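As structure tokens, the structure follows; a few thoughts come after it.
The values are calculated or read from the model by the stated rules, or taken from the named source; none is laboratory data. Computed from a prediction, not measured in an experiment: that's the story for all the values here. Methodologically, a virtual Cβ is constructed for each residue, glycine included, from the backbone with ideal geometry; neighbour enumeration extends over all protein chains shown. In case anyone asks, the SASA skips ligands and DNA or RNA and just uses the protein heavy atoms, side chains included. Shrake-Rupley method; radii C 1.70, N 1.55, O 1.52, S 1.80 Å.
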Amino acid sequence: STISNNSLKSSLLQLECHFTWTLLKQDVDLDELEETVDAQVKFFIKSNIRNYNLLSYVCHLKNSNEEALKNLQRAEEEIKKNHPDEIARRSLVTWGNYAWIYYHMKRYEEAQTYVSKVEKSCKELSSTAQRKIQLPDICAEQGWAFLKFGRKYYERAKNCFENALKNEPNNPEFNTGYAIAMYRLEDLIYRQYEDKSVSLELLKRAVELNPKDTFTMALLALRLQDVKRIDEGEKYIEEAMQKTPDFPHFLRYAAKFYRRKGDVDKALEILKKALRVTPKSSFLHHQAGTCYRVKLFQLKKTTTRPPQEQVEELIRLAIFHFKIAIDIKTKFFCACVDLANMYAEGKRYEEAEEAFQRAFQISILFNDDKQRLYYHYGNFQRFHMKLESEAVRYYREGLKIEEDSYARSKCSNALNQLLRRRIQEGLGDATDFGTLGFIHNLNGEKHEAIECYEKAVELHPDNEEYLSALCELRLSL
């Protein structure tokens, strides 16, 4: 009966649940997401309904609908246990997910049953008879799901928590979600959120409303550290350490705090403790690798001739942890680049090249990731392979991506330095002058750009690119 199936499908699309929130599987590493949420189920007591709902959707994306149903049953048990007086209100997302999963299993009658349950409850819960009901809890649950699906979704997460807070401004959970979303946005977006004090105030408020939440406490400590209020930050870390000495989601950020403070041994001690609890955390392995890298650079900086076996051991440990991180989370971009750089440090150039190529293959890279990759790969070509023309090529690729970022300014500075030196030494060719012209033009230095392009055309008279750039510049003056 296609007609009833069509009407079922249109009813399903009206539901508020993970299946209608456009959470795309290509934006996350599903295995790693499942691992994280599983770990949270073990250590979070309060919000497991939300975690089970999300796990059911992840299981569906991994083609195990039976497992998805089991997670929804777990969500239902939690609702009965924790909210016996408001079962219908608390179950709307769970029932919506049930309906979708049964629909995908072609069990249409069961799907219809759950659609009807949601519709009936919405009528009872809201004066206007409609399927879509904007309950603050549902807005917030959507916000948490967005946070889990990665940076593409952070702006949407922020909006969800803002909506939820309109109705319940003092709800501790909503305040926490909002603060985390702002914290992550500030860390991501270069220049737009230059001032990081917005999330500082939000995190403070979240911690006041929810003093047991040590995860948020750790983020507050890191933000205080960002604004150079380090002692104040450390007080929060120490207090949280007393409250939850074994909670891995807190420990990973505590370790980050001590690493950034320069106490790398303490950071490693905390990471080892956390890894005993969650040995399959890619985040923890990446942090451990980063600590060994910091130790390596400290050793090289402070000792004129550092003992070779010490250097090799630190490189080996860093590689060991970076490798595990990308085995667990195959699209872990930062760990890929860090691994490549560490192979290069150890003069294992073929493996470095392989790791860089692996990073280039990751399909979900953002513009600033790409810029960072071009920058590091350019450095690899320049300092390790001694191929300056290749380095110029990759730095330039990073510059061509029109997004303001830290990595882009690094590409610009590296290029500038390299080209000026080549030109001073009389090695400058048309490409060098053309590229320098390109940089001047980007920085709005038109006269200097014109000089460079004139030089480039002199050396390579029939190059279309230089001629048209020169023409445009002259017209714009």
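Would you call I328 β-branched (V, I, T) and either more than 25 Å from L219 (Cα to Cα) or at pLDDT 95 or above (or both)? Criteria not met by I328. Here A274 meets the list (1) surrounded by 23 or more Cβ atoms within 10 Å (Cβ to Cβ); (2) over 23 Å from the mean Cα position of the chain (by Cα) almost entirely, failing just condition (2). A residue that is open to solvent by less than 20 Å² (accessible area, probe 1.4 Å) and free of Cβ contacts under 8 Å to residues at least 40 places away in the same chain cannot be found anywhere in the range 295-306. I want to confirm something. Restricting to the range 345-404 and keeping residues that are within 19 Å of the chain's Cα centre (by Cα) and among the small types (G, A, S), which single residue is farthest from R293 (Cα to Cα)? Looking at residues that are within 19 Å of the chain's Cα centre (by Cα) and among the small types (G, A, S), I get S363. Residues in the range 11-43 that are open to solvent by 60 Å² or more (accessible area, probe 1.4 Å) and assigned to a loop (DSSP other than H, G, I, E, B): T22, L24. Quick one: would you say T278 is β-branched (V, I, T), at pLDDT below 95 and closer than 30 Å to E312 by Cα? So T278 fits the description; yes. Residues of the range 205-235 that are open to solvent by 50 Å² or more (accessible area, probe 1.4 Å) and assigned to a helix (DSSP H, G or I): R205, E208, L209, I230, D231, E232, K235.
To keep it simple, each residue is scored yes or no on (1) modelled with pLDDT of 95 or more; (2) touching a Phe, Trp or Tyr at 6+ places or on another chain (Cβ under 8 Å).
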{"site": "I180", "(1), (2)": "yes, no"}
{"site": "L188", "(1), (2)": "no, yes"}
{"site": "E201", "(1), (2)": "yes, no"}
{"site": "L222", "(1), (2)": "yes, yes"}
{"site": "E232", "(1), (2)": "yes, no"}
{"site": "E239", "(1), (2)": "yes, no"}
{"site": "F247", "(1), (2)": "no, yes"}
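For the structure I just gave you, tell me whether F383 is closer than 26 Å to K300 by Cβ and surrounded by 21 or more Cβ atoms within 10 Å (Cβ to Cβ).
No: the conditions fail for F383.
The set of residues in the range 247-270 being in a helix (DSSP H, G or I) and more than 20 Å from the chain's Cα centre (by Cα) consists of Y258, K261, V264, D265, K266, A267, L268, E269, I270.
For the range 78-89, the criterion of a residue being within 25 Å of S10 (Cβ to Cβ) and not in a helix (DSSP H, G or I) is satisfied by no position. Here L8 clears all of (1) open to solvent by 30 Å² or more (accessible area, probe 1.4 Å); (2) over 17 Å from E141 (Cβ atoms); (3) among the hydrophobic types (A, V, I, L, M, F, W, C) except the condition numbered (1).
Residue check: is P136 free of Cβ contacts under 8 Å to residues at least 24 places away in the same chain and surrounded by fewer than 24 Cβ atoms within 10 Å (Cβ to Cβ)? No, not satisfied. When we screen K280, K331, K301 for residues that are closer than 24 Å to H376 by Cα and within 22 Å of the chain's Cα centre (by Cα), the only hit is K331. Of everything listed in (1) in a helix (DSSP H, G or I); (2) more than 23 Å from E351 (Cα to Cα); (3) open to solvent by 30 Å² or more (accessible area, probe 1.4 Å), the single unmet condition for E403 is (1).
For the range 44-82, the candidate set comprises residues that are touching a Phe, Trp or Tyr at 6+ places or on another chain (Cβ under 6 Å) and in contact (Cβ under 8 Å) with a residue 24 or more places away in the chain; within that set, the residue that is surrounded by the fewest Cβ atoms within 10 Å (Cβ to Cβ) is R74. Taking into account only those residues within the range 428-451 that are more than 20 Å from Y394 (Cα to Cα) and open to solvent by less than 30 Å² (accessible area, probe 1.4 Å), which is nearest to the chain's Cα centre (by Cα)? Here the answer is A449.
The residues of the range 452-468 that are part of a loop (DSSP other than H, G, I, E, B) and open to solvent by less than 80 Å² (accessible area, probe 1.4 Å), listed by number, are H460, N463. The set of residues in the range 277-293 that are part of a helix (DSSP H, G or I) and surrounded by 18 or more Cβ atoms within 10 Å (Cβ to Cβ) comprises S282, F283, L284, H285, H286, Q287, A288, G289, T290, C291, Y292, R293. Being open to solvent by less than 50 Å² (accessible area, probe 1.4 Å) and not in a helix (DSSP H, G or I) is a description that does not apply to G398.
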